[in-house]
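Below is one structure; the comments refer to it alone.
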Amino acid sequence: MDTKVIRQVSPRWGWWLWRTLVALGAVAALGIAAITGYGLLISATVTLPRGDEHPPLLIYSAPFMIAPGLHVTQAGLIDRLRQLGYRSVRASPRSAGEYAATADSIEIFLRAQPESRIPAQLVRLSLAGGTIRELRTIPDGQPLPWVFLEPAVMSGLRDGTKQVREWISLDQMPPLLIQMVLAIEDRRFFSHHGIDPLAIGRALWVNLLHGSVVQGGSTLTQQLAKTLYYSPQRTMSRKLKELVAAVVLELKYSKREILESYLNEIYLGQFGSVSIYGVGEAARRYFGKNLDELSVEEMATIVGLIKGPNSYSPARSLAQATERRNVVLRRLREQGIVSEEVWAKAFHRPVKIIPSRDIVGDAPHAVDCILREVEQALGDLPEGIKIFSTLDPWVQQTAEQVLREGLDQLEVTYPWLKEGGQLLEGAVVVLEAKTGRVRAMVGGRDYRKSQFNRAVQAFRSAGSLLKPFVYLAGFEAARAQGPAGLTPATLLNDEPVTLGSKDGKAGSWSPQNYDRRYRGAVTVRAALEQSLNIPAVLVAQRVGLARLVTVLGAFGIATPQPPNLSIALGSSSVSLLEVASAYGGLANGGMVVRPSVISRIDDANGEMVWSKAADRRQAASPQGTYLITSLLKGVLERGTGVGARSLGVSGAVAGKTGTTDGYRDAWFVGYTTDLVIGVWVGFDDERPIKLTGAQAALPVWSRLAARLIPPDQPDFPMPEGVVERRIDSHTGQLATAQCPEPITEVFIAGTEPTVYCEVHGEGLWEWVKRTWGWF
């Protein structure tokens, strides 16, 4: 029976076996054909990058001018030299990139600046009281009007990511570093053909033993193929494509070419907002060195990054970076690549990050703004171009530090700011009043957590920041009104008032001061110094909305304005850069210069393809803006900004606090004849911070201003057409000998008061002047 059954079944079993083998053979043939076809297809397109055939777009800072009159400490000159990687030496500098400083002089061997065709040169700065007295060349002693420190590389862009790197040939790389990479990542690199079956088998066995993926079997060639051509997503199809691409690369290129590309293209983590590719860039970013300057432990740290660039980055976790480095060092010792003595020294040294000094903090928010402006200017972002920004790296880093520390301090002083699950945010802008060049831009507290640029992209209620332009509109209109027009001495009523509805609808509106108090009759000066709301609304009503909107537009406040008197209290939204630029117009005698973060753009060959054209307009008279500046100087002497003086701000400075309805935004914008500094503090979701501009923004502004504004900052020059008169501070009329609190006030010629104080009475001298027409 059994034999008969077997005889009946066997032919059918053989037939199915034959069909199965044929099917499997067909599938295998199709698979091989598909793989071969894919290999042939990509062999025509897969290429290795060679050298700098695709150079990164580079962003440079502005050069820094050194000239007689510069205060060395106030300008941070030594910090700037260190930031650029200049080395301090005791004797006279002998090579470019060195400096020697004494109490009486500083000798600097300036580096060449090929972009500006400036050769390297040795100069001596003679000092007197910490200020540069004269500047001469060495050794011939020729006087120089100025010299420039070279621009620093701030950031770059390549393949759509922020990165800065230079191609390094294999011959220029330390042999020990190459040995380390091969020992850790691919010991059989020179004997396999893109795929290493032994490594794959070993990895499978180790992973099975551990029950998880603890070891990979990819060769360097596979890793390179994944880096260059495929996404990091782990799928079977991607792995097969990677294997085919690795074989194709091995057939097309030599081992040295593959290894050189690998060491220049491998991703090695993030430093700030910049992606790090290649061992050379990793050496500069993490340790501030060239490859040939790295120590054994530093090389091991970089090699350890390959397995997990972000997990083992020393910029993120020194503990994990140290642990991974030590794993690498142990394997090097086991394989005899380093001796026991070398291993012991390297193993016990701590991992230390020393960022490159010639690549400064990337100013990520500002870099984003620069790239947007380049796209607007050129239409795209061509590779290899060099963008020369207006940013000052020392000012930028100072602003970032001050904002970060200032927000931390606010959270300590006012604990409720840490409630609600959202970080308190802030922004800073520093620009030159006369040129509109942005010297620093900080768009937020931490770019890694939020790339939103609050200096440019955030539009928040301006609050009291717009009040100076309300009074400026009144001063400009007063030219045709004589003494009856608005002046700093004009009395205004600070008392309850009911006006038409704020939003233009039926009903009424009763504006109030932020402290709910009323002061009666006050001068324009007192009203602006104390940031009173009711007088500002009354002046806006007196001037007219049309004139006020025209003035705001002329100063670059381009956002739509509400068609009602709430405009006087800053109900419209503005960006920090926009309002800082408007205050720059006040500092510049009514001349408004459109702000810019770029000075020029060169192509890959060094030819200029774009430069910033001057965009300036006279928005108001020098006389009217001088009056406003005089009032805003009083804000820091007697008004809402008086706290700045106790925080170290000195010299002639004008400024204004800003607090919005509901205490959602805190502002302070202040300026000198040269510089405008603007600060905003608030929450992104616009919940109240419960602080005024004087409490939240002014401390941050003051600490930054104290670093940037010299103690002997010169006063604002009085233009022709402005006159001074002694007046009574309470009545606004000409002061007499009987007035207890006379002050000197400024007026546009023809609008000064002609009546002596009627409250305190006139003395004999006033009677003589009035009789003879002397004022």
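The values are calculated or read from the model by the stated rules, or taken from the named source; none is laboratory data. All figures in this text were calculated on a predicted structure; none of them were measured in a lab. Note that we place each Cβ from the backbone using ideal geometry, even for glycine, and neighbour counts take in every protein chain shown. These accessible areas exclude ligands, DNA and RNA; they are computed on the full protein's heavy atoms, side chains included. Shrake-Rupley method; radii C 1.70, N 1.55, O 1.52, S 1.80 Å.
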Principal semi-axes in Å for segment 441-573 [√(5λ), Cα gyration tensor, largest first]: 29, 17, 16
Summed side-chain charge close to GLY658 - residues other than GLY658 whose Cβ falls under 12 Å, Lys, Arg +1, Asp, Glu -1: +2
From phi via Karplus (6.51, -1.76, 1.60), per-residue ³J(HN,Hα) for segment 630-647 in Hz, x at Gly/Pro: 4, 5, 6, 5, x, 4, 7, 8, 9, x, 5, x, 4, x, 5, 5, 6, 9
SER389 neighbourhood, Cβ < 11 Å, K/R = +1, D/E = -1, net charge +3
Placing one equal point scatterer on each C-alpha of segment 656-738 and summing with Debye, one gets log10 I(q)/I(0) at q = 0.20 Å⁻¹ equal to -0.88
17 Å reach of a label modelled at GLN618, 7 Å along Cα-to-Cβ, counting backbone N of segment 563-588: 585-588
Rounded to whole angstrom, the alpha-carbon centroid of segment 450-485 lies from that of segment 369-404 at a distance of 28
Between SER508 and ARG479, what is the label-to-label distance in nm when each label sits 7 Å out along the Cα-to-Cβ direction? 3.8
Residue-wise HN-Hα coupling along segment 115-121, computed from phi with Karplus coefficients 6.51, -1.76, 1.60 (Hz; x: Gly, Pro): 4, 9, 6, 10, x, 5, 7
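When all alpha-carbon pairs of segment 254-301 are counted, what percent fall beyond 13 Å?
On the way: 651 of 1128 pairs.
Every Cα pair in segment 254-301 considered, those over 13 Å come to 58 percent.
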What do you get for GluC sites (Glu not before Pro) in segment 574-658 restricted to DSSP loop and a cutoff of at most 12 other Cβ within 10 Å of the site's Cβ? GLU607
Cα pair distances exceeding 18 angstrom across segment 412-508, given as percent: 73
So the pair-distance distribution of segment 78-162, from every Cα-Cα distance in 5 Å bins, comes to percents of 3, 13, 22, 24, 17, 8, 5, 3, 3, 1, 0
Got a sec to turn the phi values of segment 597-613 into Karplus ³J(HN,Hα) couplings, 6.51 cos²θ - 1.76 cosθ + 1.60 with θ = phi - 60°, whole Hz, x for Gly and Pro? 9, 10, 9, 7, 10, 10, 7, 5, 8, x, 8, 5, 10, 7, 9, 6, 7
How much accessible surface does THR640 have with a 1.4 Å probe, in Å² rounded to 10? 30
Separation of alpha-carbon centers, segment 522-576 and segment 258-306, rounded to whole Å: 55
From the cross-link list LYS241/LYS289; LYS226/LYS252; LYS449/LYS690, which pairs have alpha carbons spaced over 28 Å apart? LYS241/LYS289
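For Cα pairs less than 8 Å apart in space and 6+ apart in sequence, what is the mean separation divided by the residue count of segment 622-728, i.e. the relative contact order in percent?
Values: 189 pairs, mean separation 31.3, N = 107.
RCO, segment 622-728: 29 percent.
Stretch SER646-GLN113 to full length: gain in nm at 0.36 nm per residue minus the Cα-Cα span?
Working: separation 533, 0.36 × 533 = 191.88 nm, distance 4.23 nm.
Full-extension gain reported as 187.6 nm.
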Among LEU176, LEU410, what's the order by accessible area (1.4 angstrom probe), most exposed first? LEU176, LEU410
Reported to the nearest 10 Å², ARG437 has, with a 1.4 Å probe, an accessible area equal to 110
